Amino acid sequence: MPSLHTGIAQSRPAPSGRLLAAIGDTLAAERIAQVWPSPHAAFFELDAPRRNVLRLAARRAMLDVDLARQAEGWALRRLVDALIPDAPDGLAEALRKLGDQSINMATLKALVEILSDDGAKALRHCQRLNARIVQVLKALPKSLRRPRILALVETPNAAQLVTAGLNLYVKHGKAGGDEYRMAQRLERARSLQNLFRMLVEEIGIEVLSPAPIPGTSWLRPIDTSARIRDAALRFRNCLETRIGWMLKGHAAYYEVLGNEPAIVELLRHPQQGWMLGEALGHANTPLSADLRQQIRTYVTQQGAITKRTAFLHSVAERLAVAAGW
């Protein structure tokens, strides 16, 4: 007859609420609790960079107890090499820069992803490092992770908008959409607003806000930055101040070619769609009745249908606001 086992099974040390909150990952917290049972005093006595190494290591695999307990005495780089053998270059330096800041697990994971994606150089040039900068770097492609750009793009939202603009430039922009050429130009920006204006110019207003009706032999869309500046100068009007309206989808402009040059404005009504706005000649002089009727007839016949998608409208409108228009 088999004997009864009367021993009590030993339970595994459980992480305390404090440890769970500090680690931000249940499995990693359970593994750390195996090395430093509650109240985990020796773990909490470690400095933040060492605790972050242990958090990352414990999330990946069971901790080697003997190695983990060397955390206090070993140099940070040696600890990273021992506990995370495939760690990307620059991890120890980045964790040291983070210092005693409270960093959640998602930010730590993002940091490792950035470093794994050739991000060590960009992080080396950061004088300071925090969760916001990590999220900015994560939102930017490699080509834009440059010190001068990072000095201007200070929030994840701005970084996401720059990236969306760059993607449009690569797909539709000038000079074959070379993103590294674009990055070199954006490095010369003097402010974030200036950076967004550069981006808009390189993508092209004609891409961000397509003309709602096609041009003809006598009516040409004014849909590029160069055409806007040229028309504003020749007609001595305020057309250059209307770029924001165009990008936000509120207005479109055309030039009448021929014996009676003019600028034609289309305005978008929320319910009725595109409608004829002002049509004026040089220095805002009135047009002849015949030309006004010719313009009105053509615009009515075309129906003035907008051609851009909701996504393009959203990006263009946000770029206009960010560029100060």
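Sorting 112, 315, 134 on the 10 Å Cβ count, fewest up front, what's the list? Don't skip to the end; give the middle numbers.
Values: 112 17, 315 20, 134 25.
Going from sparsest to densest Cβ surroundings: 112, 315, 134.
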If I fit a long axis through the Cα atoms of helix 225-235 and take the longest principal axis of the Cα atoms of the chain, what angle between them do I get, 0 to 90°, rounded to 10?
30
Ranking of 313, 40 by count of other Cβ atoms within 10 Å, fewest first
313, 40
Kindly rank 24-37, 55-68 from highest to lowest mean number of other beta carbons found within 10 Å of each residue.
24-37, 55-68
Taking the Cα centre of the range 37-101 as origin and charging only Cβ (+1 Lys, Arg; -1 Asp, Glu), how large is the dipole, in debye to the nearest 20?
140
Among [x] 14.6; [y] 26.4; [z] 23.0, the entry matching mean projected area of the Cα convex hull in nm² as calculated here is [y]
How high is the relative contact order of the chain? Use alpha-carbon pairs under 8 Å, at least six apart in sequence, and give a whole percent.
11
Rounded to the nearest 20 Debye, what is the dipole magnitude of the range 17-137 about its Cα centre when Lys and Arg each give +1 and Asp and Glu each give -1 at the C-beta?
300
In whole Å, how far is the Cα centre of the range 195-240 from that of the range 64-115?
51
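Using mean Cβ contacts within 10 Å as the protection proxy, how do 16-22, 244-250 order, highest first?
Values: 16-22: 14.6, 244-250: 19.6.
Going by the mean number of other Cβ atoms within 10 Å, highest first, we get 244-250, 16-22.
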Can you tell me the 0 to 90 degree angle between the C-alpha axis of helix 105-116 and the longest principal axis of the chain, rounded to 10?
70
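Per the Kirkwood definition applied to all pairs of different Cα atoms, how many angstroms is the hydrodynamic radius of the range 210-307? Before the final figure, lay out each step's value.
On the way: mean 1/r = 0.0746 Å⁻¹.
In the range 210-307 this quantity evaluates to 13.4 Å.
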So, with points 7 Å from each Cα along the Cβ direction, the residue 69-residue 121 label distance in nm works out to 4.4
With axes computed from alpha carbons, what is the tilt in degrees of helix 289-302 against the longest principal axis of the chain, rounded to the nearest 10 within 0 to 90?
40
What list do you get for 255, 201 if you sort them by fewest beta carbons within 10 Å?
201, 255
Residue 278 versus residue 321, label points 7 Å from Cα toward the beta carbon: distance in nm?
2.6
Pairwise FRET efficiency - residue 148 versus residue 267, Cβ, R0 = 30 Å, nearest 0.05
0.15
Grab the Cα-Cα distance for residue 48 and residue 104, subtract it from 0.36 nm times how many residues apart they are, and report the gain in nm with one decimal.
19.0 nm
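FYI, it's all coordinate maths here, none of it is from the lab. Given the structure is predicted, the values throughout are model-derived calculations rather than measurements. No Cβ is skipped: glycine too gets one built from the backbone with ideal geometry, and neighbour counts run over all protein chains shown.
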